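Following: one structure in structure tokens, then a few remarks.
The values are calculated or read from the model by the stated rules, or taken from the named source; none is laboratory data. Keep in mind the model is a prediction, meaning the values are calculated, not measured. Using ideal geometry, Cβ is built from the backbone for each residue, glycine included, and neighbour counts are taken over all protein chains shown.
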């Protein structure tokens, strides 16, 4: 590896976008290498159990897509120096809202979705306002809203439909767009890819992305530079809530039912996906492609393991080890990135 | 030098927080192309004075004039728009962002239209690298490099170059050399001279007398919230200034005391 870097150093820094050095110091590199490594190991252990078949890949991609849709905006918040764990409650709350409104109360799906999005945006806004106004760490604020929203979802479900779950079958077109399988891949996989592309643009191409990195890097300097720090953070909390609500709707469309129990694993999964994807927990650093690969890796380990000879119970151990390795590696990749091309000394 | 225009002036400024008086009747002025060194020990009120000039605090009494017109800043943003830029030790730069993205944070150049405006990386890189190199940091030639890879002095220079590019007329440097080694400090002092040469009014806050003497045209020593001395270059020796900063107590006395205890 060091040879490659040496070559990159000696070439002109103005080389094309896809030079070896450019790729090597790309922050998504660690996530990509990790993903390939995990995939290869699992493929070796699962070759004869159809790990590499379309059905096998679709199985863990479907699982990953639901995490991925939430992990991207959560990653944005992490880059901006905040956490959002209320997603674990927003997902079932949104699913139940949609299920109740369009099921027993027979509202048209479009209207139901609109109300659900508005409800989720409201929660995200409250998160944002609380975090920016009170200076209480976002971990605590969203922990509070996680439980508050979770409790409210259960209570309201029992009040409205007398049960903590509700059945709802979406109309044909909506089902085709949001819930059906294509070659084994659920619609959510395509939505995940689409959302990734759109948010890639926001994070890495648009000026807003620059603001997100600046706010996470040093909020005070960002404020001095004229970036509306509070407004940006509130928007990011709303974005996170909206994406989570969308994931909840996809779930309803796919499984024809909604559950009101708080989705605790989602909280850990989104954070793990981001960290394995190279996002810095303290903010200021991360890439969308990294988060994407991180989510895929998580999907392989948690779900793809069923298609291999590896004992299913080991998946949690693997994730723990992977998380540690990722955090340690992220430091190395950052050093690589910051020290790159400083070889030229003139003064 | 004497015919240069006074850019920023403080007249009889007092600042108190509730019952605590921090600044007492401060009179200061700085002209274009001049470096005013503000010296003072810890707790002398330097930070409050900077914040008052940068629009963070409003003076309790007295007035601030810019170009001989009284002004009232509503906040740091207003002061910035009037051309007062404050650069803290590492202020204004983001270690894990590229040089050009850091340079243009908050005012990104874009191309494209409507919601599809994209950050114009090439333009940002070209301008940022050009501006920083103009300040003598020739080691930087790639705007994509991360700020974290720069030395402390270079980061300081980047922040100063940024302030100048965005139209600063008064540059307030808050202890820019405090955390730097000798070589890096020399680097920053060179940048200060360059800013002065370009006609900026520089207010250089430090407690290192040597650094102040190297670039200053005009010195003010702050003791317990008041200006204890206000003099021009060459009017006082290094020892006299050090004595003043120590609160009038002679440095020789101080050394003697330390010597006895050790």
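No other residue among A:107, A:83, A:146 is under 25 Å from residue A:280 (Cβ atoms) and not in a helix (DSSP H, G or I) apart from A:83.
Within the range B:119-138, the set of residues being surrounded by fewer than 16 Cβ atoms within 10 Å (Cβ to Cβ), at the interface with another protein chain (Cβ under 10 Å from one of its Cβ atoms) and in contact with a helix residue (DSSP H, G or I) (Cβ under 8 Å, 6 or more places away or on another chain) comprises B:136 only.
Of all positions in the range B:55-72, none carries a residue that is free of Cβ contacts under 8 Å to residues at least 60 places away in the same chain, within 9 Å of chain A (Cβ to nearest Cβ) and either over 20 Å from the mean Cα position of the chain (by Cα) or surrounded by fewer than 16 Cβ atoms within 10 Å (Cβ to Cβ) (or both). Per this entry, residue B:99 is not counted among residues that are more than 23 Å from residue B:151 (Cβ to Cβ), buried (at least 22 other Cβ atoms within 10 Å of the Cβ) and touching a residue at least 24 places away in the same chain (Cβ under 8 Å).
Of the residues examined, residue B:123 is one that is over 20 Å from the mean Cα position of the chain (by Cα) and in a helix (DSSP H, G or I). In this structure, does residue A:247 turn out to be outside any helix (DSSP H, G or I), surrounded by 21 or more Cβ atoms within 10 Å (Cβ to Cβ) and away from every other protein chain (no Cβ under 12 Å)? No, not satisfied. The single residue among A:230, A:224 that is within 14 Å of chain B (Cβ to nearest Cβ), surrounded by fewer than 19 Cβ atoms within 10 Å (Cβ to Cβ) and in contact with a helix residue (DSSP H, G or I) (Cβ under 7 Å, 6 or more places away or on another chain) turns out to be A:230.
Residues of the range A:212-221 that are crowded, with 24+ Cβ neighbours inside 10 Å and within 7 Å of another protein chain (Cβ to nearest Cβ): A:213, A:214, A:217, A:218.
Just a yes or no: is a residue in the range B:200-211 within 14 Å of chain A (Cβ to nearest Cβ) and at pLDDT below 85? The answer is no; no qualifying residue exists.
For the range A:149-176, a residue qualifies if it is touching a residue at least 60 places away in the same chain (Cβ under 8 Å) and assigned to a helix (DSSP H, G or I), and the qualifying residues are A:149, A:150, A:153, A:154, A:156, A:157, A:160, A:161, A:174, A:175. One residue stands out in the range A:257-307 among those that are more than 14 Å from chain B (Cβ to nearest Cβ) and in a loop (DSSP other than H, G, I, E, B): the one that is surrounded by the fewest Cβ atoms within 10 Å (Cβ to Cβ), namely A:261.
The set of residues in the range A:135-178 that are in contact with a strand residue (DSSP E or B) (Cβ under 7 Å, 6 or more places away or on another chain) and closer than 28 Å to residue A:289 by Cβ is empty.
Residues that are modelled with pLDDT under 80, facing chain A (nearest Cβ under 9 Å) and either farther than 21 Å from residue A:218 by Cα or not in a loop (DSSP other than H, G, I, E, B) (or both) within the range B:75-115 comprise B:76, B:77, B:115, listed in sequence order.
For the range A:204-244, residues that are in a helix (DSSP H, G or I), closer than 20 Å to residue B:125 by Cα and touching a strand residue (DSSP E or B) at 6+ places or on another chain (Cβ under 9 Å) total 5.
Given the condition closer than 26 Å to residue B:213 by Cβ, part of a helix (DSSP H, G or I) and touching a strand residue (DSSP E or B) at 6+ places or on another chain (Cβ under 7 Å), answer yes or no: does some residue in the range B:26-39 qualify? Spell out the reasoning first.
Initially, the range B:26-39 is screened for residues closer than 26 Å to residue B:213 by Cβ, giving B:26-39.
Okay, now just the ones that are also part of a helix (DSSP H, G or I), so none.
No, the conditions are met nowhere in the range B:26-39.
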